[in-house]
Amino acid sequence: MLLQLLLNGIIAGAAYALVAVSFGIIYSTARFFHFAHGAVYVAAPYCAYVFIVWAGMSPLFALPVAMVIAASLGAALEFVVYRPLRRRGASPLILLLASLGLLIFLQNLISLAFGDQARTLRQGDVVEGIRLLGARVTPVQTVIVLCSVLSCALVWVFLHHTQMGRIVRAVGNDSELARMVGMDSDRALLVTFFVGSGLAGMAGILVSYDTDMRPTMGLQALLIAVVAVIIGGTGSVEGSFLGALLIGLVQNLVVWKISTQWQDAITFLLLLLFLLLRPQGLLGRASKGVAV
Amino acid sequence: MLYFLHILTLVCIYTILAVSLDLLAGHTGILSVAQAAFYGVGAYTSALLAVRVGCTFLESALAGVFAASVVSFMVSLPSLRLHDDYFVIATFAFQIIIFSFFNNSMPLTNGPLGIPGIPQPAIGGWTVRTHMQFFIFAAVIAALAYAVVSRLATSPFGRVLHAIREDEVFIRSLGKDTLRFKVVAFAVSAALAAFAGSLYAHYITYIDPTSFTVTESILVISMVIIGGPASRWGPVIGATILVITPEVLRFVGLPNSVAASLRQVIYGALLVIMMTFRPRGLVGRYGFMRR
Amino acid sequence: MDTFRCENMRKTFDGTRALANFSLEFPASGITAIVGPNGAGKTTLFNVLTGFVRLDQGRHFLGHRETTRLPPHEIARLGVARTFQDLRLILRVPVLDNVLMACPNQHGERLLTALLRFSVAGEEARNRTVAMRLLRFVGLDCRAFELTGELSYGQQKLLTLACCLATGAPILLFDEPVTGVHPEMAARILSLLQELRAAGKLILFIEHDISAVRQVADFVVVMDQGNIIAQGLPGEILERSEIVEAYLA
């Protein structure tokens, strides 16, 4: 039983990690809470749904296309909404509010188009799952963990060992300085949003295969991403990954002792504890901006 | 006609909510996503006391106000030292935790089943019964709430709140304990929201957790922003627009769930549009820009 | 009169040392100037003394009272007022409002009094009289009802001075009071400082303009990289060419 819960925790954590890490790099670079990340997360599976279930396309084709659409959506939001706002001197608070508006707008568009009921990308019967050390793991769940670890590792490599990645980090550190030194911070931001949103799209699709999809899943996933990034420490890919894993584990172990209904409350209690006692998170540097 | 009065009563209730948030967000510059939580604390306290203990409206409403103030201290005191956007996240967390409490404490709040049978308000010997009476009752309370916030905004207390919004470092250097002002503003804001909750509970005579979600908080924020923060009529205008719009849609014959989603599409869009083109709202003078 | 005393103060920001074992007891009267090159730690000194920055090590006192851990508003209430290098003011309100806000002990700032307005009108009227008098002192009374944002830079500096005076504090800390203003305005500000000294205020000011220091200072402290390089009478310190060249050029 405990092993199953631990495994569930890791799988949940892995799914969260994809959203968290992608949210984290966007936050580190753009320096505001991009709530509309949740909209990108939910847009991808619904696009895939249209392609696979309504148009009958093969998942091999539909899934990558859906991810690219999600990635482009994210980049478009940056280009069309955030960049003009930034040019006008908008504070992080204004960007947060605009982002919130975008999330609500897009989430409800999906609701209008598809209805609020749960759907799934799975076709065929529910697979029982292979036995692993006394617990069960389905193929999809294995894919989730693999994709998550691989993607997060690739993101880390991108940030630390590529030219563009270095620029992204520089922009995140001090965008004024980066621009003065001749770095194209606008382009770096677009790249970050594109990559981040693509990963979020991937996460949404994977979760829709594993369980189900609803228009409200975006806000849910996003709130967990925020908690993970803050707990893990903003500015740290490894931190966001760990934070997400921690949340996945805590949520599933909670089920063991306390019932599932308190999951949300406990997740956010965890967030509050970190915000108030250790604002820099597990692995973040002592942040300048958290406490006055 | 009855339907029309019902809408106007809702406008009054939401005006109280918008005005309460405006004190905090518009005048003091502190954005909170927990307004629905305080709305709920007022509604639940009031409903439980009225249904289970038999308190009158005034007694239960005052208890709701008191409860919300206490909860507000628990939220504000630890969180106010966080920076703007982190503070918003903290209020998000509190909102979700408090909602969770409403939704999961079966013995106390009856969880998702809600609390039915809340009596209509009785003041002295007079019970508020008809739609017209309710509208007048709600309008009076809304006017009172409006007057409270307006009075505070034009007083020396309000002057300091505005200064906190503009340059907190400066006002601290003048010897003002800005934390105290912020905590007080937060408490007043919560108290007013709670009163709106009591009014709501005794009007609809049934409450359940779904009226007090994050989405509701965001709706109230939208009202303040779209109308215009820290302006005389902004919150009222915002409340009116955002309450009436979905009703208009329902009038046009759209089914309930579609109307609900469409309403959110509209106010999501309005939020983005306002932030982009007119952050000070329709009639406001202040928009969350920092220099 | 109570004055500031610093004991082994140390403060580092992100690897840069702003204050390094800084110990000094400031004169208890007159005008003291704090000079030195950029990055010497002068503004940090002010921020530490007024409670806006916490020390890594060391202590500071106001008279006998230790102020090391006090928040800014409490230090202000002990009788200290200051201006800021980046000229903090509320720009979106009339000039008079900024001064009104600085008046201490306003009952109208309490919640219940603000709601019930008991005797607030009288208090406001009294504070207005004081505020107008101060604006007249600095020469801004004709602009009392204009928006603060529309004043010139020099006029805004005068306004910050008026706000400091409105608090009634006996100790005034001015961060670069005449930097960036044209000579007429600078002369006006300096003569105001002299009048304030005559009225018994204790003044500390940071400046780059050495002629200003020569004109009004009774005591000079030269800082560099968080250390005190020299301290003493302006006549002595400012004649030593090695100091002037190395730190004050």
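The values are calculated or read from the model by the stated rules, or taken from the named source; none is laboratory data. A quick note: this is a predicted structure, and the numbers were derived from the prediction, not measured. For neighbour counting, all protein chains shown are included, and Cβ atoms are generated from backbone atoms with ideal geometry for every residue, glycine included.
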- If we ask which residues in the range C:173-191 are farther than 15 Å from residue C:218 by Cα, under 15 Å from the mean Cα position of the chain (by Cα) and in a helix (DSSP H, G or I), their number turns out to be 1
- Message: Checking the structure you have, find out if any residue of the range A:145-162 is closer than 30 Å to residue A:89 by Cα, at pLDDT 85 or above, among the aliphatic types (A, V, I, L, M) and buried (at least 23 other Cβ atoms within 10 Å of the Cβ).
- Response: no
- Is the range C:99-118 home to any residue that is surrounded by 16 or more Cβ atoms within 10 Å (Cβ to Cβ), more than 12 Å from every other protein chain (Cβ to nearest Cβ), touching a residue at least 24 places away in the same chain (Cβ under 8 Å) and more than 22 Å from residue C:32 (Cβ to Cβ)? no
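The rows are residues; the columns are (1) of a type in the set (D, E, K, R); (2) free of Cβ contacts under 8 Å to residues at least 12 places away in the same chain; (3) within 21 Å of residue B:147 (Cβ to Cβ); (4) crowded, with 17+ Cβ neighbours inside 10 Å.
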position	(1), (2), (3), (4)
B:230	no, no, yes, yes
B:257	no, yes, no, no
B:263	yes, no, no, yes
B:267	no, no, no, yes
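Filter the range B:80-134 down to the residues that are part of a helix (DSSP H, G or I) and among the β-branched types (Val, Ile, Thr), then identify the one that is farthest from residue B:182 (Cα to Cα).
B:109
A quick yes/no check of all residues on (1) polar (S, T, N, Q); (2) surrounded by fewer than 24 Cβ atoms within 10 Å (Cβ to Cβ); (3) in contact with a strand residue (DSSP E or B) (Cβ under 6 Å, 6 or more places away or on another chain); (4) at pLDDT below 95:
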site: B:7; (1), (2), (3), (4): no, yes, no, yes
site: B:21; (1), (2), (3), (4): no, no, no, no
site: B:53; (1), (2), (3), (4): no, yes, no, yes
site: B:70; (1), (2), (3), (4): no, yes, no, no
- Task: Could you figure out which of (1) away from every other protein chain (no Cβ under 14 Å); (2) more than 22 Å from residue B:178 (Cβ to Cβ); (3) without any contact (Cβ under 8 Å) to a residue 60 or more places away in the chain isn't true of residue C:39?
- Result: (3)
- Task: Inspect all residues belonging to the range B:210-224 and state whether any of them is over 27 Å from residue B:272 (Cα atoms) and not in a strand (DSSP E or B).
- Result: no
- Task: Could you tell me which residue of the range B:161-185 is nearest to residue B:70 (Cα to Cα), considering only residues that are within 7 Å of chain C (Cβ to nearest Cβ) and of a type in the set (Lys, Arg)?
- Result: B:176
- Task: Would you point out the residue of the range C:45-55, among those that are surrounded by fewer than 23 Cβ atoms within 10 Å (Cβ to Cβ) and more than 12 Å from chain B (Cβ to nearest Cβ), that is nearest to residue C:78 (Cα to Cα)?
- Result: C:54
- Query: Taking the range B:67-92 as the search range and keeping residues that are over 19 Å from residue A:231 (Cα atoms) and free of Cβ contacts under 8 Å to residues at least 60 places away in the same chain, which one is farthest from the other protein chains (Cβ to nearest Cβ)?
  - Reply: B:70
- Output the number of the condition that residue A:269 fails; it satisfies all remaining conditions of (1) buried (at least 21 other Cβ atoms within 10 Å of the Cβ); (2) closer than 29 Å to residue A:105 by Cα; (3) at pLDDT 90 or above. (1)
- What residue, of B:246, B:279, is more than 30 Å from residue B:121 (Cα to Cα), within 14 Å of another protein chain (Cβ to nearest Cβ) and not hydrophobic (A, V, I, L, M, F, W, C)? B:279
- Item | Residue under evaluation residue C:161, criteria (1) in contact with a Pro (Cβ under 9 Å, 6 or more places away or on another chain); (2) surrounded by fewer than 17 Cβ atoms within 10 Å (Cβ to Cβ), criterion not met | (2)
- Pairs only if they're at least six apart or on different chains, beta carbon under 8 angstrom, first in the range A:87-98 and farther than 22 Å from residue A:219 by Cβ, second in a helix (DSSP H, G or I); list them, first residue then second. A:90/A:98; A:90/B:275; A:91/B:84
- Query: Which condition number does residue A:235 fail, the rest of (1) within 27 Å of residue A:169 (Cα to Cα); (2) outside any loop (DSSP other than H, G, I, E, B) being met?
  - Reply: (2)
- Message: Scan the range C:9-22 and tell me whether some residue there is at the interface with another protein chain (Cβ under 10 Å from one of its Cβ atoms), free of Cβ contacts under 8 Å to residues at least 12 places away in the same chain and farther than 25 Å from residue B:175 by Cβ.
- Response: yes
- Flagged in the range C:3-44 as charged (D, E, K, R), part of a strand (DSSP E or B) and surrounded by 15 or more Cβ atoms within 10 Å (Cβ to Cβ), in numbering order, are C:5, C:7, C:10, C:11, C:17
- Message: If a residue must be among the aliphatic types (A, V, I, L, M), free of Cβ contacts under 8 Å to residues at least 60 places away in the same chain and part of a helix (DSSP H, G or I), how many such residues does the range B:160-203 contain?
- Response: 5
- Message: Could you tell me how many of the residues in the range B:100-111 are touching a helix residue (DSSP H, G or I) at 6+ places or on another chain (Cβ under 6 Å) and either facing another protein chain (nearest Cβ under 8 Å) or basic (Lys, Arg) (or both)?
- Response: 3
- Kindly provide the set of residues from the range B:122-147 that are crowded, with 17+ Cβ neighbours inside 10 Å and under 20 Å from the mean Cα position of the chain (by Cα), ordered by number. B:134, B:135, B:137, B:138, B:141, B:142, B:145, B:146
- Query: Taking the range C:135-158 on its own, how many of its residues are among the basic types (Lys, Arg) and surrounded by 23 or more Cβ atoms within 10 Å (Cβ to Cβ)?
  - Reply: 1
- Task: Looking only at the range B:97-121, count how many residues are within 20 Å of residue B:199 (Cβ to Cβ), surrounded by 15 or more Cβ atoms within 10 Å (Cβ to Cβ) and of a type in the set (Gly, Ala, Ser).
- Result: 1
- Which one is farthest from residue B:2 (Cα to Cα) among residues in the range B:114-140 that are in contact with a helix residue (DSSP H, G or I) (Cβ under 8 Å, 6 or more places away or on another chain) and among the aliphatic types (A, V, I, L, M)? B:115
- Item | Selection count, the range A:235-249, where residues are surrounded by fewer than 18 Cβ atoms within 10 Å (Cβ to Cβ) and of a type in the set (A, V, I, L, M) | 1
- Residue satisfying all of: in the range A:235-266; touching a helix residue (DSSP H, G or I) at 6+ places or on another chain (Cβ under 6 Å) and among the β-branched types (Val, Ile, Thr); farthest from the other protein chains (Cβ to nearest Cβ) among these: A:237
- Kindly list the number of the only condition in (1) crowded, with 16+ Cβ neighbours inside 10 Å; (2) in contact (Cβ under 8 Å) with a residue 60 or more places away in the chain that fails for residue C:218. (1)
